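Working notes, beginning with the structure itself.
The values are calculated or read from the model by the stated rules, or taken from the named source; none is laboratory data. These numbers come from a predicted model, not from an experiment. Glycine gets a Cβ as well: all are built from the backbone with ideal geometry, and neighbour counts include every protein chain shown. For accessibility, only protein heavy atoms count, side chains too; no ligands or nucleic acids. Shrake-Rupley method; radii C 1.70, N 1.55, O 1.52, S 1.80 Å.
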Amino acid sequence: MAEPRVVLSAKGLCKDFRGFRAVNDVSIDIREGTIHALIGPNGAGKTTVFNLLSGFLVPSAGDIVYRGRHITRMDPALIARLGIVRSFQISSIFPHLSVLDNVKVALQSKTELPKRFWVSESTTSRFDARALELLEAVGLTPYAYGLAVHLSYGRKRALELAISMALDPTVLLLDEPMAGMGAEDVEGMTELVRRFAKGRTVLLVEHNLSVVSALSDRITVLQRGSVLTEGTYEEVRSDPRVIDAYLGGQQD
């Protein structure tokens, strides 16, 4: 059986900050319909790679190709319109809008409405059904009409996932979606990511190795800004270099 085609590829990525090389010659191929995890100790360069792939940083060297199109220096808004959508470590919702309106704003962004100076409520009501579907999928239907600011931390992350999915991404970049969550919320969010990943491509930065094991088809390990190794979870976890660099000399 042939491997899925590469949908997002980075070759020889480097990023320098005032003489410090945060990312050094990183190459990675993300295959269509897979969940690919990017792991490594603190300071390994994971979030910098995310920022490069999504256009929030411009590489000092290297190329990024999405479906055969070079996007290396493309504006992040244009990259998002192509279908590469990312979430952030820190929740990026609108706290003083309702939970429903947060999702509707994302749905509206893919139409002509954001270009208008004023939009009536009746005009945006056409997005209600789809927004409610997304909220039901992440278990937030009971909170739809309340302000997002009142959601618990775990529910805010679930809302952020619903917002990301409202943008109908081809490639979803998730930056530590489980950060700050308790065990119960982590279990729920893991299932949400698994469900939403069906038919899509996901690149995941995550510290929780149980989550990485449960979700990932392939894993790239970074250390000091460079690729240490790549493989399945079983291949990676048994690599002595990974055990030393990432697991502190101890396996799970």
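For this structure, a couple of remarks:
- Single condition SER164 does not satisfy, out of (1) touching a helix residue (DSSP H, G or I) at 6+ places or on another chain (Cβ under 7 Å); (2) open to solvent by less than 50 Å² (accessible area, probe 1.4 Å): (1)
- All positions within the stretch 225-242 that are open to solvent by 40 Å² or more (accessible area, probe 1.4 Å) and under 22 Å from the mean Cα position of the chain (by Cα): VAL227, GLU230, THR232
- Scanning the stretch 125-144 for residues that are in contact with a helix residue (DSSP H, G or I) (Cβ under 8 Å, 6 or more places away or on another chain) and over 17 Å from PRO169 (Cβ atoms) yields PHE127, ASP128, LEU132, LEU135, GLY139, LEU140, THR141, TYR143, ALA144.
- Of the residues making up the stretch 18-34, those that are open to solvent by 80 Å² or more (accessible area, probe 1.4 Å) and either part of a strand (DSSP E or B) or closer than 23 Å to ARG67 by Cβ (or both) are PHE20, ARG21, ASP25.
- Here ARG194, ARG241, ARG237, ARG218 are screened, and the one residue that is under 28 Å from LEU159 (Cβ atoms) and among the charged types (D, E, K, R) is ARG194.
- Residues considered: VAL103, VAL58. Of these, the only one that is modelled with pLDDT of 90 or more, out of contact with any Pro (no Cβ under 8 Å at 6 or more places or on another chain) and closer than 14 Å to ASP168 by Cβ is VAL103.
- Among residues of the stretch 126-138 being at pLDDT 90 or above and open to solvent by 50 Å² or more (accessible area, probe 1.4 Å), the one that is nearest to ALA80 (Cα to Cα) is ARG130.
- Yes/no for ILE39 being crowded, with 23+ Cβ neighbours inside 10 Å, in contact with a His (Cβ under 8 Å, 6 or more places away or on another chain) and at pLDDT below 95: yes
- When residues of the stretch 190-214 are limited to those that are charged (D, E, K, R) and part of a loop (DSSP other than H, G, I, E, B), the one most open to solvent (accessible area, probe 1.4 Å): LYS198
- Flag if VAL119 is open to solvent by less than 80 Å² (accessible area, probe 1.4 Å) and at pLDDT below 80: yes
- Among the residues of the stretch 35-63, the one identified as in a helix (DSSP H, G or I) and free of Cβ contacts under 8 Å to residues at least 24 places away in the same chain is ASN51.
- Among the residues here, ARG157 qualifies as farther than 30 Å from ALA61 by Cβ and among the basic types (Lys, Arg).
- Members of the stretch 38-56 found to be of a type in the set (Gly, Ala, Ser) and more than 22 Å from PRO76 (Cβ to Cβ), listed by number: GLY40, GLY43, ALA44
- Among the residues of the stretch 155-189, the ones that are part of a helix (DSSP H, G or I) and either within 19 Å of LYS104 (Cα to Cα) or modelled with pLDDT of 90 or more (or both) come to 12 in all.
- Pair list, Cβ under 6 Å, 6 or more apart: the stretch 141-152 residue surrounded by fewer than 15 Cβ atoms within 10 Å (Cβ to Cβ), other residue hydroxyl-bearing (Ser, Thr, Tyr): TYR145/SER98
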